[in-house]
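Please treat every number below as a calculation from the coordinates, not as lab data. Keep in mind the model is a prediction, meaning the values are calculated, not measured. Neighbour counts run over all protein chains shown; Cβ positions are idealised from the backbone, glycine included.
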Amino acid sequence: MKQTKVKGQSKAKKVVVGSTVKVALLGFGTVGSGVAQVLAASKFPGLQLTHIFNRNVERKRASAGAKFVPASVVWTENIDDVLKSDVDVVIELMGGLNPVEGWLRKALTAGKSVVTANKQLIAYRGANLAKLAGRHGVQLVYGAAVAGGVPVIPGIRQGLGGDQLTRLSGIVNGTCNYILSRMEAGADYATVLADAQQLGYAEANPSADVDGFDARAKLCILSRIALHAELDPDAVATQSISTVEAIDFTYAKELNCTIRQVSRAQVDGTLVHARVAPMLVPLTSPMAWSHGTQNMVVASGRFGGDVVFSGHGAGGEPTAVAVVSDLLAVAQGCKAVELPVRKRETTGEFLAPHYLRFVVDDKPGIVSAIAGALAKVGANIDSLLQKPGFPKHRLPFVVTTEPCLTSTIEKAVASIAKLDCMLEKPLCLQILVAEDKPE
C-alpha cells in the first residue's frame, strides 16, 4: 500500500533498535553532568553523546563533570548546531518555558525525539508537545520530570495501565521532604533550608520548592498520566511549608502524626480535587516513613487498590538515572502511548479534619472566641492541645477540628486572625486520614 505523507509532517529520524543513537544534551548543570557520568560509567554501546549545548560553554568544559565527556563531543553555545545536526534524540535539562519550548518544537518538527526532565514545561505545555511529537512520528518522553529516580510515570503507564486510577497522593518534592524530616528531628526551618541550599537540594531562591510550585507541576503531570485529566497548574491550590515551625512537630507527635508536604488529586465526576500543602500525616502512613530526599507516590485504583512507588527524588544522580532510562526506552523502540485526556476543572476543596495552631497574648475568653468563630461556620472542635512552659504573652496552642470543608475552615481562620489577641497568622493544616473525601 502506498503511504501518504501527512501535510506538514517532517521525515522522522527513525531510531533503529541495535543501531547507534546520536544524543545531544541541552544543559550541563548538575543533572546534565550526571547524565554524562552515567553514560560513561555504564558504557551503553548503542548511545553516542555528540553535542552539548550550554551558555558560557567554556566554563562548563572546565567543570569537574566534563571529564566524563568524550573528546569527540561538540560543545556549543549555538542551539542551531544541535537543531540542524543529525542527532536522533535531544535531552533537555535547561528548565523553564522560554526559550526552551521553541527549541523543542523545532527539534520535534525536525524529526528528533525529545527526553526532558522539565516539569514546568510538561505541566503547562506537555499536551501540545505530545501532539506535535505524534504528528512527526517521534517521541516526547518525560519520566524524569517527576520523582527523580523513582520510575513512577512508566510504572503507572505500563504497570497500572489496566486499572482505573481514581486518586493520587504522595511526596514529590525531595527538597521539602528533606527540610520537614530534619525539622521533625529537631532542627529549625532556617538552618535546614540553608543546609539544603549548601547541598544543592534547594535553589538560592527556594520558592518553587517550599511554596509548592514544583510539586504542583509534578501533580499535574501525574494527573494526566494516571487520571487522564488535564489540569491548569495555576488552578491547583498550594500552601507553603515555610510557616511550619518546630512546635508544630511537637503537637503533631501528640496526635500520632508528623508533617509532610503532600500532593494529592482525586477524581470526582467532572471535577478533580487537587492540593499541594504541608499536612499532618499519621505515623502509620507510608508517607510518614519517607525521610530525607525520598519521594513517594501512592496510586489508588478501582480494581487494584493502592500501589506505592518510593525512592530518592532530589539530587543529580537519581534524576540522571531516570533521564538515561528514558533515553534507553527511546533507543529500544519502547513507544510511550499518550492516552486521551480531558480538561478538568480543579478545586482545592477537601473534607478533612484540620489542625489549627495559634500564638496569642493570653487573656480570658480566647478559646470561647475561637469556638464561636468555628461554630459560626458549622465547624466543630475535636480537641485542644496546650503544652506547658510557654510565657503567657506569647502562648502557642492547638485546636483540631472534626472533618469539615477546606473553604469552611479557611473562612473561620480568616475571622479568628482578626482577634486582638492573635500575635501572628494562625496556621491551618489538613490532617490526612484514610477516609478523606473530596466534597
Review point. What stretch of the chain, leaving out the sites themselves, is the longest with no trypsin sites (Lys or Arg not before Pro) in a DSSP loop having at most 14 other Cβ atoms within 10 Å?
Key: 85-301
Revision key, fill the gap. As straight-line cross-link partners of residue 67, the qualifying aspartates and glutamates (C-alpha separation under 20 Å, not fewer than 8 residues apart within one chain) are 58, 77, 317
Check your understanding: Taking R0 as 22 Å, what's the FRET efficiency between residue 271 and residue 433 from their Cβ-Cβ distance, rounded to 0.05?
Key -> 0.60
Check your understanding: Label residue 302 and residue 387 with points 7 Å out from Cα along Cα→Cβ: what is the distance between them in nm?
Key -> 4.6
Review point. What is the mean projected area of the alpha carbon convex hull for the stretch 350-438, to one decimal in square nanometres?
Key: 5.5
Check your understanding: Taking the simple approach of a point 7 Å from Cα along Cα-to-Cβ for both residue 342 and residue 30, what is their distance in nm?
Key -> 3.9
Review point. Of 196, 347, 39, whose Cα points farthest to the positive end of the dipole of the chain (charges on the beta-carbon: +1 Lys, Arg; -1 Asp, Glu; origin at the Cα centre)?
Key: 39
Exercise for review: Past 28 Å, Cα to Cα, is the threshold; run 387/425; 343/425; 218/418; 43/84; 43/131; 218/335 against it and keep the listed order.
Suggested key: 343/425; 218/418; 43/131
Check your understanding: Which translational diffusion coefficient, to the nearest whole µm²/s, is obtained for the chain from the Stokes-Einstein equation, given a Kirkwood hydrodynamic radius over C-alpha pairs, 4 °C and 1.567 mPa s?
Key -> 56
Revision key, fill the gap. Expected vector for the stretch 258-270, Karplus 3J(HN,Hα) from phi with 6.51, -1.76, 1.60 and θ = phi - 60°, integer Hz, x for Gly and Pro, equals 10, 10, 9, 6, 10, 10, 9, 8, 8, 7, 9, x, 8
Check your understanding: In debye to the nearest 20, how big a dipole does the chain give about its Cα centre with +1 on each Lys and Arg Cβ and -1 on each Asp and Glu Cβ?
Key -> 1840
Practice item. Using only alpha carbon pairs under 8 Å that are at least six residues apart, calculate the relative contact order of the chain and give it in whole percent. Key: 16
Practice item. In nm, give the distance between the simple-model label positions of residue 56 and residue 410, each being 7 Å from the Cα along the Cα-to-Cβ direction. Key: 4.0
Point to revise | the stretch 21-145: radius of gyration over Cα atoms, expressed as a fraction of 2.2 N^0.38 Å | key: 0.99
